[in-house]
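Q: Encoded as structure tokens, here's the structure I'll be asking about.
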Amino acid sequence: MMIGAQTPNPGRPDRARDMTKAKDTSSEKTFAFDYLERNASEIALLNDNIFYFAELGMQEHETSKLMSGLLEDNGFHIERGISGFPTGFSASWGTGAPVIAVHTEYDSNPDNSQQSGVAEPRAIVEGAPGHCEGHNANGAVMVAGVLAAKAAMERHGLPGTLKVFGAPAEEQLVSRPYFVRDGHFDDVDAALTPHVGAQFNVGYGLIQSALISAIFTFHGESAHAGSAPWKGRDALDAVILMDVGMAEYREHMMPNMMCQRVITHGGDQPNVIPKRAQVWWYFRGSTAQAAHAVFERAKKVAEGAALMSNTTYEVDVQGAVWPVRGNQTLAELVQAEYEQIGAPDWSAEEDALARKLQAAAQASVDGLSRKVTRMSGPAVQKSASNDAGDVSWKVPMAKFYFPSNIPNINFHHWAAGVALATSIAHKGAVAGAKVLAASLIEIFANPAIVAQAKATFAKETEGTAYFSMLPADQKPPVDLNKAMMERFRPEMRKHYLAKRPHFS
Ligand SMILES: [Zn+2]
């Protein structure tokens, strides 16, 4: 079976949709934009609240409570804890067809605490987790965008159902494959996912890569390392032998495959032969098939390592995601909204901060982006991954970027945290929410777009049957990042904002 095979080129990027027959939606969009501009300070407040929560994957308790609470206060029906994720939720509003899903992540990264607006490395809480990409803005854009769309739908009597998903632990590629596996997208017709970037940007075709995240734990027997090492069976030997095996295999991998690892347990002290040792691997591929092949090979290597060291092993799959793909019809729809809305109007101070930071981070110094990136042909596939991938093979999906961060800065670096609670992030979030609201309005007002998206999706995914790479009985890793978050939360809590947003 071809798994996640290269998307057939859907042809030249012709305008598949006949815009002349589309219902005019300018009054609905004006209504939604007014809503967003009126609530701009609330959007900023939501963005900043999440920034200071800075919660790691699976530990986003405050964040998901705030986001789902806002949706609930505004008439959405909330289901918390979906698929066994304490910090995941789904929120729905409306009735009937089409059912359009919006989903995004809101987790932070370890040791990425960074003060806002300061163009040099300076932590809010030393060593603590922090937002150094902008998933805080993702949360703000999703909530604000769907609230504006809902308000316009209500006002103008547009039928359809909005289904909103809070997706925990994107950084460890965890939640959305579970949501898809457990049927949460079975009734969904199309999906949109906003993501922070440094400019408006959307693409179609394969955008990101597949990944399987798996922890290998080897079990041996402890012994006194000095007086009776022959009585021990060394689990660390197995981890090292697996590493040697994988290093040899790397030479013979296909060019579209990669793997990386960290050793998460190697014993406690040298006078005790380690009875337990553990290594955490990421297996990457441009297709689901490629990532799966690396994983299958790694299990053989682990088996060999266990045999050589007289140990046993078990493997725990933490995440398994398909490569994110963009649907052409939906990408063109979003692109049209980008062009209508345009890049934010940056102030001289905002541009100056961007230039100062770019210089400090030794990036090219060209300030903030005032252009809307043109979409020309299929996207160039990145080797990074996102757990939204599975959704994009289940239903037509667009992943679109909005400008809440500074260009030329690497994510997960202190510099990528600087703009995230400044007016740069705030303006970018309002712009992103406008794009989301306008795209939703366009789809609900012109349901022919859904049929068109489904038709292009069928063509794009021809020959590839989606299946979940997650083991059928796999449960979410609910304790992921728990110890680290508990360690830092008391200090971080002192920086939580006293004021909560309120949309009206
Ligand atoms: Zn992300």
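What follows is calculated from the coordinates using simple rules that are stated; it is not laboratory data. Nothing here was measured: the structure is a model prediction, and the numbers come from that model. Don't worry about glycine lacking a Cβ; one is built from the backbone with ideal geometry, like all the others, and counts go over all protein chains shown.
Q: So what is the relative contact order of the chain, in percent, for Cα pairs below 8 Å that sit 6 or more residues apart?
A: Details: 1205 pairs, mean separation 135.0, N = 504.
It rounds to 27 percent for the chain.
Q: Another question, then. Enumerate the amide H contacts of VAL272 below 5 Å, restricted to partners 5 or more residues apart or on another chain; note that Pro and chain-start residues carry no placed amide H.
A: Residues meeting the amide H criterion: ALA225.
Q: From the phi of every residue in segment 297-306, what ³J(HN,Hα) in whole Hz does the Karplus formula 6.51 cos²θ - 1.76 cosθ + 1.60 yield, where θ is phi - 60° and glycine or proline is x?
A: The phi angles translate into 5, 4, 5, 5, 4, 5, 4, x, 5, 5 Hz.
Q: Mean residue ellipticity at 222 nm from the helices of the chain, using -39,500 (n - 2.57) per DSSP H segment of n ≥ 4 over the full residue count, to the nearest 500 deg cm²/dmol?
A: Values: 13 runs with 188 residues, N = 504.
When only DSSP H runs of four or more count, the value is -12000 deg cm²/dmol.
Q: Please report how far the C-alpha centroid of segment 118-196 lies from that of segment 394-461, rounded to the nearest whole angstrom.
A: A separation of 10 Å, based on Cα centres.
Q: Moving to a separate point now. Taking segment 94-163, which GluC sites (Glu not before Pro) meet the DSSP loop condition and have no more than 16 other C-beta atoms within 10 Å?
A: On the way: sites: GLU105, GLU126, GLU133, GLU154; in loops: GLU105, GLU126, GLU133.
In loop regions of segment 94-163 (DSSP not H, G, I, E or B), the sparsely surrounded GluC sites (Glu not before Pro) are GLU126.
Q: Between GLU120 and ALA359, what is the label-to-label distance in nm when each label sits 7 Å out along the Cα-to-Cβ direction?
A: It is 1.3 nm.
Q: Can you list the HN-Hα couplings for segment 472-480, worked out from phi with the Karplus curve (6.51, -1.76, 1.60; θ = phi - 60°), rounded to whole Hz and with x for Gly and Pro?
A: 4, 9, 5, 9, x, x, 5, 8, 4
Q: Next question. Only sites in a loop by DSSP and with at most 16 other Cβ atoms within 10 Å count here; which trypsin sites (Lys or Arg not before Pro) in segment 283-383 make the cut? Intermediate results must be reported in sequence, preceding the final value.
A: Working: sites: ARG284, ARG297, LYS299, LYS300, ARG325, ARG355, LYS356, ARG370, LYS371, ARG374, LYS382; in loops: ARG370, LYS371, ARG374, LYS382.
Loop-located and lightly packed - ARG370, LYS371, ARG374, LYS382.
Q: Out of residues 5 or more away from SER385 or on other chains, whose amide H comes under 5 Å of its own, with H placed 1.01 Å from N in the peptide plane?
A: It is SER209, by chain and number.
Q: Using θ = phi - 60° and the Karplus form 6.51 cos²θ - 1.76 cosθ + 1.60, what ³J(HN,Hα) does each residue of segment 232-246 get, whole Hz, x for Gly and Pro?
A: Working through the residues one at a time gives x, 10, 8, 5, 5, 3, 5, 4, 5, 5, 4, 4, 5, x, 5 Hz.
Q: Treating only the Cβ atoms of Lys and Arg (+1) and Asp and Glu (-1) as charged, compute the dipole magnitude of the chain about its Cα centre; round to the nearest 20 debye.
A: On the way: 46 positive and 55 negative charges, 80 e Å.
The calculation lands at about 380 debye.
Q: Treating only the Cβ of Lys, Arg, Asp and Glu as charged (+1, +1, -1, -1), what charge dipole size does segment 365-504 show about its Cα centre? Round to the nearest 20 debye.
A: Values: 18 positive and 10 negative charges, 120 e Å.
Dipole magnitude for segment 365-504 comes out near 580 debye.
Q: State to the nearest 20 debye the size of the charge dipole of segment 210-320 about its Cα centre, where the only charges are +1 on K and R beta carbons and -1 on D and E beta carbons.
A: Values: 10 positive and 11 negative charges, 18 e Å.
The calculation lands at about 80 debye.
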